[in-house]
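Asks: Before we start, here is the structure in question, set down as structure tokens.
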Amino acid sequence: MTVDVRTVAESEFPDWQRALRTGFLRPPVVTDEEVADRLAHVDLARTLGAFDRDRVVATFRSFRQEVSTVGGGSLTADAISQVTVSPTHRRRGLLSRMMTTDLAAAKERGDAIATLIAAEYPIYGRFGFGAASWATEWSVDVRRAGLDPRRSGRPEDGGRIDLTDAEEIRKAGPAVHRRLAGVRAGVTDRSARDWEVGTGLGVHSEPWREPFYAVYRAESGEVEGFVSYTADDKWGDAKQPLNTATVRDLIAVTPAAERALWHYLCSVDWVGTVRSGYRAPDDPLPMLLPDPRAARTLTYVDMLWVRVLDVVRVLESRTYPVADGLVLDLRDGDGLAGGRYRLDASPAGATAVRTAESADLAFDIAELGTLALGDESAVRLCRLGRVEELTAGAAARADLLFRTPLRPFSPDIF
């Protein structure tokens, strides 16, 4: 029988939730309280399901998002989340049908890009998505780090670390987060709902464990950073504390705040290991330690994926460090954003227009998603065969235009 792909009615949402949990290998049980809580914050017009008769066998949802660009601008994105296909209905093209439906609607709405966090790397390139940012996680051996245990928890710049609670984080956190988006590309916005869920409010499908919260205040009293973290309770056979502190959220918008928060975490009594959580790959954490080798890399993985829907807005939304012009020939098999464009950029601004001029570089639209936030090298993509250099030296010129001093980073998984 034909599987129908369509939006989900309110009465079908509990079944959609069960299918979602099945796809993510979680117990396929949802409470009425959980359904009501989720339903209050979901746009059913952007919630798709695949129905085999009356059973939901695939799930897909999107929502409006703002993503920071290079130089402090932003782009409106179609954020894609909660994508699953039940194990009984794999390899039947259901994901392709849902993705095609959603991207067409996003293009019609005027969204500049689509975004997602990929559970598996090979899935989304065929839909025009490119990995636009990466993340690293470190494990810090506190005893090896070389910090003076008498001083490492006390800032020496006139600022201070204060323990606090979830309520203050919900009040002070959004302003700090917005400041981060002003200096680093790839930061996705947080709604009031995100701040509530991230600090324990609302209904959680898994048991909530209240973290510790701390803020860094500058000498003026202004909050310039905060951290939330949990700690386990592990002891050695001879009663030695072997506890691990795990960072759930750490945002700092000044070097002083960043240094103070990491040094504070490494000074907590009984903590022998600090797990950093996902951080930008160029996070200074290792170099903030007298012995950087105390920070062992646990993972280096792709994070935010970007699918360009409006080439002109993507190219014009960011700043460029030098003045130059390039003609880009962009291939898009889905017909959403392909064509030949001339980019004229300088520190004063940029313009992008369609053109019939000869191209300097040619590549698939997915590679523009990879390049747009400044993380990837066009020269390296040429070596990989993913970018074709049609004018000698054009890839190196593209690197001078697109690359950024700070690598893009998305602190949030959505």
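Asks: Among Val70, Val253, Val203, which one shows the biggest mean-square fluctuation in a GNM of the chain, springs joining Cα atoms closer than 10 Å?
Replies: Of Val70, Val253, Val203, the Gaussian network model singles out Val203 as fluctuating most.
Asks: Grab the other residues whose beta carbon is less than 12 angstrom from that of Leu147, score K and R as +1, D and E as -1, and report the net.
Replies: Net of charged neighbours comes to +3.
Asks: What is the distance in Å between the Cα centroid of the range 209-258 and that of the range 339-364?
Replies: Using only Cα atoms to place each centre, the spacing works out to 45 Å.
Asks: Along each of its three principal axes, how wide is the spread of alpha-carbon positions in the range 251-367, in whole angstrom units, largest first?
Replies: 65, 33, 21 Å, listed from the longest principal axis down.
Asks: Classify the range 183-252 from the C-alpha gyration tensor, please: rounded if a/c falls under 1.5, else prolate or oblate depending on whether a/b exceeds b/c. Write out the running numbers ahead of the final one.
Replies: On the way: a/c = 2.40, a/b = 1.40, b/c = 1.71.
Since a/c reaches 1.5 but b/c is at least a/b, the shape of the range 183-252 is classed as oblate.
Asks: Of the listed peptides 113-120, 36-43, 363-370, what is their order by residue-averaged count of other C-beta atoms within 10 Å, with the highest listed first?
Replies: The peptides rank, most packed first, as 363-370, 113-120, 36-43.
Asks: For the range 1-136, what log10 I(q)/I(0) values come out of the Debye formula at q = 0.13 1/Å, with one point per alpha carbon and no solvent?
Replies: Taken in order of the listed q values, log10 I(q)/I(0) reads -0.58.
Asks: Using a/c under 1.5 as the rounded threshold, could you call the chain rounded, prolate or oblate? The axes a ≥ b ≥ c are square roots of the C-alpha gyration tensor eigenvalues, and prolate needs a/b larger than b/c, oblate otherwise. Walk me through the numbers before you get to the answer.
Replies: On the way: a/c = 1.98, a/b = 1.19, b/c = 1.67.
Oblate, because a/c is 1.5 or more while a/b does not exceed b/c.
Asks: Tell me, what % of the accessible area of the range 147-190 is carbon and sulfur with a 1.4 angstrom probe?
Replies: Taking all protein chains in place, the range 147-190 shows 47 percent carbon and sulfur surface.
Asks: Going Cα to Cα from Lys171, which lysines come in below 18 Å? Please leave out same-chain ones fewer than 8 positions away.
Replies: Those lysines meeting the cut-off do not exist here.
Asks: Suppose a student asked you for the relative contact order of the range 308-369, using Cα pairs under 8 Å spaced at least 6 residues apart; what percent would you report?
Replies: 39
Asks: Over the Cα atoms of the range 320-414, how large are the radius of gyration and the largest Cα-Cα distance (Dmax), in Å?
Replies: Answer for the range 320-414, Rg first and Dmax second: 13.3, 40 Å.
Asks: Heavy-atom accessible area per residue, the chain, 1.4 Å probe: how many Å²? All intermediate terms of the calculation are to be shown ahead of the outcome.
Replies: Numbers: 19610 Å² over 414 residues.
In whole numbers, the chain has 47 Å² accessible per residue.
Asks: When the solvent-accessible surface of protein heavy atoms is calculated with a 1.4 angstrom probe, in what order do Glu34, Glu66 fall, highest first? Please list the in-between numbers first.
Replies: Numbers: Glu34 15, Glu66 40 Å².
Largest accessible area first, the residues go Glu66, Glu34.
Asks: Relative contact order, percent, of the chain when contacts are C-alpha pairs under 8 Å separated by at least 6 residues?
Replies: Relative contact order for the chain comes out at 19 percent.
Asks: Using a 1.4 angstrom probe and counting only protein chains, how large is the accessible area of Lys234 in Å², to 10?
Replies: 120
Asks: Which one of Arg18, Arg178, Arg151 has the biggest mean-square fluctuation once the chain is modelled by GNM with Cα springs under 10 Å?
Replies: Arg151
Asks: Next up: What is the set of long-range amide H partners of Arg279 at a cut-off below 5 Å, with H atoms built 1.01 Å from backbone N?
Replies: Residues meeting the criterion, in which the H sits 1.01 Å from N, are Thr136, Glu137.
Asks: Would you calculate a helix-derived [θ] at 222 nm for the chain, using -39,500 (n - 2.57) for each DSSP H run of n ≥ 4 and dividing by the full residue count, to the nearest 500?
Replies: After summing the helix terms and dividing by residue count, I get -7000 deg cm²/dmol.
The values are calculated or read from the model by the stated rules, or taken from the named source; none is laboratory data. The model shown is predicted, which means the values in this text are computed figures rather than measured ones. With ideal geometry, Cβ positions are generated from the backbone for all residues, glycine too; neighbour counts draw on all protein chains shown. Side chains included, ligands, DNA and RNA excluded: accessible areas come from the protein's heavy atoms. Shrake-Rupley method; radii C 1.70, N 1.55, O 1.52, S 1.80 Å.
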